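One structure below.
The values are calculated or read from the model by the stated rules, or taken from the named source; none is laboratory data. Everything numeric in this text was worked out from a predicted model, so none of it was measured. Here Cβ is always computed from backbone atoms with ideal geometry, including for glycine, and neighbour counts include all displayed protein chains. We work out accessible area using only protein heavy atoms, side chains counted, and drop any ligands, DNA or RNA first. Shrake-Rupley method; radii C 1.70, N 1.55, O 1.52, S 1.80 Å.
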Amino acid sequence: MGERYRVMVVGLGKRGVHHATAFHANPRFSVVGLSDVDEGKLKDTARFGNPSTGTDPAALARMVKPDVFCFCTPPTIRYDLVKIGVESGARLIAFEKPVAMSSAEAMRIKALLDKGGAKAVVSHQHRYGAHYRKTAEIIESGALGRVHTVYATASGWMLHMASHLIDYMRWFNGGADAQWVMAQAAGRGKLTDLHASPDYIAGFIQFANGVRGVLECGAGAPDVPEVDYWWRKCRMGAQGSDGFAEVLTGGGWRSVTKTGCSSGEGSMNYDQDMPQYIQEMADWLDGAAVHPCNFESAYKGHEIMMALVRSAMLGGQVALPLASGMDELALLKQKLPEAKVLLSTPVNAKEYGV
Ligand SMILES: NC(=O)c1ccc[n+]([C@@H]2O[C@H](COP(=O)([O-])OP(=O)(O)OC[C@H]3O[C@@H](n4cnc5c(N)ncnc54)[C@H](O)[C@@H]3O)[C@@H](O)[C@H]2O)c1
């Protein structure tokens, strides 16, 4: 067994517990520190191997000096924690999507990481689902012929879901960079949510390899009736000259190619997706392959998301990479029309309150 990496996890809510559990279960890591501003979350931590605990992440990081600084806090807390991670001397910083609340914040985080030199990963771990991997495998095999379109829809709203969708669209398109986007957005209901977003955003992405990306996220996105669990009503895949392959987050995969139709099961499952996501951090630290959820790739996805917002609010096409930062959520609050969002299906009425 190689070096055992010391890990500190900040934010012990739903995702922090997933991360601490997966790190503790992997012999390549030992959980040495757990932090949450809510003292109540630090009571039952013996199950993670009796790590040090504290409500001040910076003080705890200085004390335990982790190799891996991981944080799973609400989306409004990103830059300050990346800074704590960099200052702690951690070799890898792992954090939750979305990358940031704006392009301006994402650029500040990127500058901090570029200067500090730590590796970084962002948790787009759905990709470890067997149904996601099967879809990617079919696309990568060439069975679709010339891929011309990648697409993704989700019923959930942008800051929750678009980060995932764009990451997997880029994966299904060989990681190609985007050259420009164009979009529309509607509905102010979710602007006050912690994951502040338009109720619905839809747009096109021009990728450098000529492939078209089509994204829809929110109340107006088409239903995925094959999936019951509302948050897993997501459909993404690729179309080519010889067929298509797609994955439903909560409903397996399917493809039609020249050799026939095929399909299989699978549903997003944290317990199954986390172990490999965590293992590949050890592999990257060991000097093996770069982690597929690396920050550089996640940053490009975040840029696409923020460019879609700019296009929807300011009109026209938006060129990528973005030349300078902006507060896109402030722009949404200022310019998004008052008209209520129109639903694609009554199934969305409860979540969007219309
Ligand atoms: N990758 C995925 O599949 C996935 C799924 C759900 C949520 N998420 C993302 O994970 C992040 C966290 O979501 P969650 O559902 O675990 O939230 P949560 O509310 O369950 O947990 C957040 C925790 O962070 C703590 N916290 C808040 N501010 C803090 C600070 N300054 N220092 C230390 N601790 C602090 C809170 O007390 C809470 O315990 C969000 O960004 C969300 O978008 C990702």
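Suppose every K and R has +1 on its Cβ and every D and E has -1 on its Cβ; what is the size of the dipole of the stretch 132-257 about the Cα centre, in Debye to the nearest 20?
Values: 11 positive and 12 negative charges, 9 e Å.
It works out to roughly 40 debye.
From largest accessible area down, sort Met326, Met1; use a 1.4 Å probe on the protein chains.
Numbers: Met326 60, Met1 165 Å².
Largest accessible area first, the residues go Met1, Met326.
For the chain, give me the percentage of DSSP beta bridges that are antiparallel, rounded to the nearest 5 percent. Before the final figure, lay out each step's value.
Working: 41 of 68 bridges.
Approximately 60 percent, going by the DSSP bridge assignments.
List the aspartates and glutamates whose Cα sits under 19 Å from the Cα of Lys110, skipping any in the same chain fewer than 8 residues away.
Reachable aspartates and glutamates: Asp80, Glu87, Glu96, Asp167, Asp177, Glu296, Glu303, Asp327, Glu328.
Rounded if a/c is under 1.5, else prolate if a/b is larger than b/c, else oblate: which is the stretch 166-234, with a ≥ b ≥ c the root eigenvalues of its Cα gyration tensor?
Numbers: a/c = 2.25, a/b = 1.45, b/c = 1.55.
The shape class here is oblate.
Using θ = phi - 60° and the Karplus form 6.51 cos²θ - 1.76 cosθ + 1.60, what ³J(HN,Hα) does each residue of the stretch 175-185 get, whole Hz, x for Gly and Pro?
Working through the residues one at a time gives x, 4, 6, 9, 9, 7, 9, 8, 8, 10, 9 Hz.
So what does Asp327 come to for accessible area, using a 1.4 Å probe and Å² rounded to 10?
That residue has around 80 Å² of solvent-accessible surface.
Roughly how many percent of the accessible protein surface of the chain is carbon and sulfur, given a 1.4 Å probe and a whole-percent answer?
On the way: 7460 of 14470 Å².
The C+S portion of the solvent-accessible surface of the chain is 52 percent.
Using only protein heavy atoms and a 1.4 Å probe, report how much of Leu314 is accessible, in Å² to the nearest 10.
100
So, for the stretch 1-62, what is the accessible surface per residue at a probe of 1.4 Å, expressed in square angstrom?
Details: 2920 Å² over 62 residues.
Computed with neighbouring chains in place, this is 47 Å² per residue.
Quick one: angle between helix 14-25 and the longest Cα principal axis of the chain, in degrees between 0 and 90, rounded to 10, please.
It is inclined by approximately 60 degrees.
Tell me, what ³J(HN,Hα) does each residue in the stretch 262-275 have, in order and in whole Hz, if you take phi through Karplus 6.51 cos²θ - 1.76 cosθ + 1.60 with θ = phi - 60° and put x for Gly and Pro?
Once rounded to whole Hz, the list reads 9, 7, x, 8, x, 8, 3, 8, 4, 4, 7, 7, 5, x.
Taking only DSSP H segments of four or more residues, each worth -39500 (n - 2.57), what value at 222 nm results for the chain once the sum is divided by all its residues, to the nearest 500 deg cm²/dmol? Before the final figure, lay out the partial values.
Values: 10 runs with 119 residues, N = 354.
Dividing the helical sum by the residues of the chain leaves -10500 deg cm²/dmol.
Can you give the accessible area of Thr73 in Å² (nearest 10), computed on protein heavy atoms with a 1.4 Å probe?
Probe radius 1.4 Å; accessible area of Thr73 about 20 Å².
By accessible area of protein heavy atoms, probe 1.4 Å, what ranking do Asp177, Asp36 get, highest first? The partial results should precede the final answer.
Values: Asp177 70, Asp36 15 Å².
I get Asp177, Asp36, largest accessible area first.
Just to confirm my numbers, what's the Cα centroid distance between the stretch 267-345 and the stretch 1-69 in Å?
26
Using a 10 angstrom cutoff on alpha carbons, build the Gaussian network for the chain and name the most mobile of Arg47, Arg232, Arg78.
It is Arg47.
How would the stretch 169-297 be classified by its alpha-carbon gyration tensor: rounded, prolate or oblate, with rounded meaning a/c under 1.5 and the a/b versus b/c comparison settling the rest?
Values: a/c = 1.27, a/b = 1.14, b/c = 1.11.
Cα axes put the stretch 169-297 in the rounded bin.
Reported to two decimal places, what Rg/Rh ratio describes the chain when computed on Cα atoms with Rh from the Kirkwood expression?
Result for the chain is an Rg/Rh of 0.97.
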